[in-house]
Amino acid sequence: MADINPQVPVTVLTGYLGAGKTTLLNRILTENHGRKYAVVINEFGELGVDNDLVVDSDEEVFEMNNGCICCTVRGDLIRIVGGLMKRRDKFDGIIIETTGLANPAPVAQTFFVDDTVKAKTRLDAIVTVVDAKHLPARLADSHEAADQIAFADVIVLNKTDLVTPEELDAVEATIRKINRFAIIHRTQRAELPIAQVMDRGAFDLARILALHPDFLDGDDDHEHNEDVSSMSFEVEKPIDPEKFNAWIGVLLQDKGADLLRTKGILYYANEDRRFAFQAVHMIADGDFIGPAKDGDPRASRLVFIGRNLNRPQLRRGFESCVAD
């Protein structure tokens, strides 16, 4: 049953209160796909009820209710994942459902910062469920709703039957202002093929670029959103790795709280391989992902999703990393 890949795929399921996360989770657990998942549910408060809302299944369900997963229980998450690894042959993947008030960032960071977790698991995708009817109100009164969209690799735009086609288009346009790189699926009652949310490899920048070479394309004229926006930059000359590391290190240290997701493909001077860079707030990671292809213009691209983005400053900083 276990995947031949030694790294277990982990799906982080998030979304604001009432968006339909548990409905989607139950669909994943009951659909006849032949796979088994270990489930980690986080609920804010001393007494948890989410566990009781999850359908009776063969999956192992672990509940963490001693605090919001994004605040106090990263250690619990590391401990639970470590325990699961001792029973690796019992399941094919792990699903982490966060509380509706959670920022997914610290969950994602867990898979960057803990060496044991990083070696044995891979973050497959952050899946955000969005309530089509109530999203405008949630964006107005809760920054968490915008954060959950900004971090998403896959967005399940749910409850589409509760709005008009015009309202639905407007909601999707709003989502695109926050995160124009996520895949969006429109659903009713979170009904969609499970293959569209599981085992996507969506957090794997190398895989995404292999499927969609223009994924990071985009000019720099994106409208600035008053809360969260995305910007992309490109330089055509080779990058000096030391300059880049020095610049990005200071930037993430100073502005990391506002930089929700950062990702890019870099071409270093005197190096034929492409370098994939990703960061969640202040935690950064990266690795070479293979040689440049024939005819590749070798233009380095960097994408920022966050708040209070200063376009000229980011552009100047990135351009300053060009090799002499």
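In a loop (DSSP other than H, G, I, E, B), touching a residue at least 40 places away in the same chain (Cβ under 8 Å), open to solvent by less than 70 Å² (accessible area, probe 1.4 Å) and closer than 21 Å to D147 by Cβ - does that describe any residue in the range 311-320? Outline the logic, then answer.
Residues of the range 311-320 in a loop (DSSP other than H, G, I, E, B): 320.
Add one more test, that the residue is touching a residue at least 40 places away in the same chain (Cβ under 8 Å), and what stays is 320.
Still in the running and open to solvent by less than 70 Å² (accessible area, probe 1.4 Å): 320.
Pick out the ones that are also closer than 21 Å to D147 by Cβ and you get none.
Among the residues of the range 311-320, not one is in a loop (DSSP other than H, G, I, E, B), touching a residue at least 40 places away in the same chain (Cβ under 8 Å), open to solvent by less than 70 Å² (accessible area, probe 1.4 Å) and closer than 21 Å to D147 by Cβ, which makes the answer no.
What number of residues within the range 204-250 are modelled with pLDDT of 80 or more and of a type in the set (D, E, K, R)? Quick ask: steps written out before the conclusion?
Going residue by residue through the range 204-250, those that are modelled with pLDDT of 80 or more are 228-250.
Right, trim to of a type in the set (D, E, K, R) and you get 234, 236-237, 240, 242-243.
Selection size over the range 204-250: 6.
Summed over the range 289-303, residues that are part of a strand (DSSP E or B) and either modelled with pLDDT of 90 or more or open to solvent by less than 30 Å² (accessible area, probe 1.4 Å) (or both) total 5.
Name the single residue, out of those in the range 236-284 being among the hydrophobic types (A, V, I, L, M, F, W, C) and in a helix (DSSP H, G or I), that is surrounded by the fewest Cβ atoms within 10 Å (Cβ to Cβ). Before the answer, list the steps.
Let us first name the residues in the range 236-284 that are among the hydrophobic types (A, V, I, L, M, F, W, C), namely 239, 244, 246-248, 250-252, 257, 259-260, 265-266, 269, 275-277, 279-280, 282-284.
Now restrict to residues that are in a helix (DSSP H, G or I): 244, 246-248, 250-252.
On the way: F244: 24, A246: 13, W247: 16, I248: 22, V250: 11, L251: 20, L252: 18.
So the residue we want is V250.
For G306, indicate whether it is within 16 Å of the chain's Cα centre (by Cα) and either surrounded by 14 or more Cβ atoms within 10 Å (Cβ to Cβ) or of a type in the set (G, A, S) (or both). The answer is yes for G306.
The values are calculated or read from the model by the stated rules, or taken from the named source; none is laboratory data. This structure is a prediction, so every number in the text was calculated from the model and none was measured. Cβ coordinates were reconstructed from backbone atoms using ideal geometry, including for glycine residues, and neighbour counts include every protein chain displayed. Accessible surface areas use protein heavy atoms only, side chains included; no ligands, DNA or RNA. Shrake-Rupley method; radii C 1.70, N 1.55, O 1.52, S 1.80 Å.
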